[in-house]
Amino acid sequence: MKMMSRRRGRGVCGFPAPNRDGGGQKDRVAKYRDKFDPRVTARYDIKALIGRGSFSRVVRAEHRATRQPFAIKMMEVELPEGREVCASELAVLQRVSHSNVIQLIQVFQFPQRVYMVLELATGGELLERVVSRGRFTERDATQAIRMVLAGVGYLHNLGITHRDLKPENLLYYHPGADSRLLVTDFGLATFGGTGERFEGDDAGGDTDADKTWSLRTTCGTPEYIAPEILLRKPYTCAVDLWAMGVIAYIVLSGSMPFEDDSRTRLYRSIMRGKYSFHGDPWPSVSNLAKDFIRGLLQVDPTTRLTADQAIRHPWVATLAAGSSMRNLHRSISRNLRQRTSRSSSRCPSSTASSAGSNK
């Protein structure tokens, strides 16, 4: 199975944030500021380099007139690969407008580079918020999952499959408790693979959702890849709902349903749908929450919950009203620390975070 690696991780739209090292950071900012077209810097003041990818750099910027902060993604489009990646991502971002999806504000297009001005999400990643709260219950989990499902359902209604949903790509817009949660990083997203009409928040308007297309490209992050992708079968937007099942599992427990140092054994477990609800805190997690996860982690995509069905599941729809309000924070934090410790001891080849090729 051929899978092309991409540098991915923390930061705006899923890109890794560099270390802030004083003078070195200033030098890098100056370096990338010089690369920006004057027509961009005439409107935006470049403040800091906050991420990078194979064909892109992401900076924090301020609008010169309003002083409002934004993220600007500068994409190199001289090479065919860069043009393809940029065109694919831009086509998706120009189509979407939803409170739980990162918003494209403005685009500057030039022969060598394309600059995408995006919302700047400053509230941190989903799991960072879980750990920092001090208290986390099933109700808190459903509030986060409901927002993600609203965004994912909206995308599917437009005929868009994300293909790389994971906690690192779910960012809070601001640090406040009332912040909306955003689906970000559309580097692997594509049109096709959906025939579902979603009736959730903000959905509506003309859509391509009456066309059911199947996808074939092998891509995604290993622990979140759906079985049908690994089996090299044509797949649909149902792969995003499998990833949602993995996300729900880790949000409630701090551990992964599928995890192994061996990529071969990992994929075998995924293809078999082999996972369990053993260990802390699962004895304290409601049966309704487990039923929700089971509905998403169905090996057969035709029996898997759709985004519409998932957001209407009793556990999500009632915000876990019938579940225990036990604080799961300690168990989640401990399991996340143990997982981080295990990951840091692995060789780089076994911890590559994302893989994919363009559609």
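A short reminder: the numbers here are calculations on the coordinates, not readings from a lab. Quick caveat, the model's predicted, so the values are computed rather than measured. With ideal geometry, Cβ positions are generated from the backbone for all residues, glycine too; neighbour counts draw on all protein chains shown.
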Please list, ordered by chain and number, the residues whose modelled amide H lies under 5 Å from the amide H of residue 123; skip anything fewer than 5 residues away on the same chain. 172, 173, 174
Along segment 289-296, what does the Karplus equation 6.51 cos²θ - 1.76 cosθ + 1.60 (θ = phi - 60°) give for ³J(HN,Hα), rounded to whole Hz, x for Gly and Pro? 5, 5, 5, 4, 5, 4, x, 8
Taking the convex hull of the Cα atoms, report for segment 48-152 its projected area averaged over all directions, in nm². 8.3 nm²
Extension reserve of the residue 87-residue 45 stretch, reckoned as 0.36 nm per residue once the Cα distance is removed: 12.6 nm
Mind checking the alpha-carbon convex hull of segment 216-308 and giving the volume per residue in Å³? 93 Å³
How are the C-alpha pair distances of segment 121-178 spread across 10 Å bins, as whole percents from the shortest bin up? 20, 53, 23, 3
Under 5 Å, built H, 5+ apart or other chain: amide partners of residue 103: 119
Which ³J(HN,Hα) values, rounded to whole Hz and listed in residue order, are derived for segment 43-54 from phi using the Karplus coefficients 6.51, -1.76 and 1.60 in 6.51 cos²θ - 1.76 cosθ + 1.60 with θ = phi - 60°, glycine and proline given as x? 9, 10, 8, 6, 9, 7, 7, 10, x, 8, x, 4
Net charge within 12 Å of residue 331 by Cβ-Cβ distance, Lys/Arg positive one each and Asp/Glu negative one each, not counting residue 331 itself? +3
Net charge of Cβ neighbours under 13 Å - reference residue 131; Lys, Arg +1; Asp, Glu -1: +4
